[in-house]
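These notes concern the structure reproduced below.
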Amino acid sequence: MADLAVRVGSLAFRNPFLLASGVWGESGDSLVGAWAAGAGGVITKSIGSLPRAGYPNPTVEQYSTWGLLNAMGLPNPGIDEYPREIAAAREHGATVIGSVFAGDAEEFARLAHRIAETGVVAVELNLSCPHAEGYGTEVGSDPKDVEEIVRAVVQAVRVPVIAKVTPNTSDAAALAVAAENGGAAAVSAINTVRGLAIDTTLHRPVLAHGLGGLSGPAIKPVGLACVWQIYERVRIPVIGVGGISTAEDALEYLMAGARAVEVGTVVTTQGIGVFSRLVEGLNRRLDELGYASASAAVGVAHGAST
């Protein structure tokens, strides 16, 4: 049986499968549920300075085969309320990463400091939400801004900082380089891909906000390409995100250079029991290929491509 324990820099996870931010982490109970189901670590919802209701319904459009289009608007209870949910998860032994979003470097640093005080093992910076005005992609698409934000957060906290970069740019790898220059311990790629659906009967966008973010199987090639390019340009570890529904998907990300992967949309369609199935499937696939560990497969496709 292959060893699925992985390290992302100084961070240790019992397996490569992390619950992605924004999917199942709205409460301590849901974080505990994902952990109990077998996740290697859990990432909280992205938390802001103040409570935020998000956008009005409809906020999600589901497609049967290729994923979800959503524009939630970063709903969250705010940094004053959310620490109790983290405490509940940590009481059950969960390895928790805190996710934050903000409008500028100063606010990111302040929020990261607050969430780091809760005992999370790392802070992930949401620099990539494609549909929230003033946040996400709007502050994370310029390498100079990314470097400034990451540097401010690194100076404010004592835990590793993970920069989550957007695919909605001409060069996601340049954002990863900027994050590395700012002192990030790792980079996660990608967040959702900007998208739109039109209701032809009502003559208007399906989502109330209009533009949304596409997730699920349809974006896996985009996520893989970004991880591939980032792996070749930075020295810090990469966490792969986007369209991971099966163990084979995860193995592709590992071979492209990811040391761990975040699992999101499939949790909404198959439930948190998917974590145990992913763990079992990856173990079986690694055994079939003769790999003693998940880490042994990281980046191997790069050598084969030359």
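The numbers here are math on the coordinates, done by the rules we state, and not lab data. These figures come from a predicted structure and were not determined experimentally. Virtual Cβ from ideal backbone geometry, glycine too; neighbours counted across all protein chains shown.
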| said: Every residue in the stretch 84-110 that is within 18 Å of GLU147 (Cβ to Cβ) and buried (at least 16 other Cβ atoms within 10 Å of the Cβ), please. | reply: VAL100, PHE101, ALA102, GLY103, ALA105, GLU107, PHE108, ALA109
| said: Quick test of your reading of the structure: GLY183 fulfils all but one of (1) surrounded by fewer than 19 Cβ atoms within 10 Å (Cβ to Cβ); (2) more than 24 Å from LYS144 (Cα to Cα); (3) free of Cβ contacts under 8 Å to residues at least 40 places away in the same chain. Name the failing condition by number. | reply: (2)
| remark: Requiring at least 1 residues that are over 19 Å from the mean Cα position of the chain (by Cα) and either more than 18 Å from GLY41 (Cα to Cα) or of a type outside the set (S, T, N, Q) (or both), the helices (runs of 4 or more DSSP H) wholly within the stretch 240-306 are 274-289, 300-304
| query | Among the strands (runs of 3 or more DSSP E) contained in the stretch 1-119, which hold 2 or more residues that are in contact (Cβ under 8 Å) with a residue 24 or more places away in the chain and of a type in the set (S, T, N, Q)? | reply | 41-47
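Which of the following residues is without any contact (Cβ under 8 Å) to a residue 40 or more places away in the chain and either at negative phi or of a type in the set (Gly, Ala, Ser) (or both): GLY271, GLY264, GLY242, GLY216?
GLY271
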| note | Screening ARG194, ARG204 for residues that are surrounded by fewer than 24 Cβ atoms within 10 Å (Cβ to Cβ), among the charged types (D, E, K, R), touching a His at 6+ places or on another chain (Cβ under 9 Å) and farther than 18 Å from ILE239 by Cα leaves only ARG194
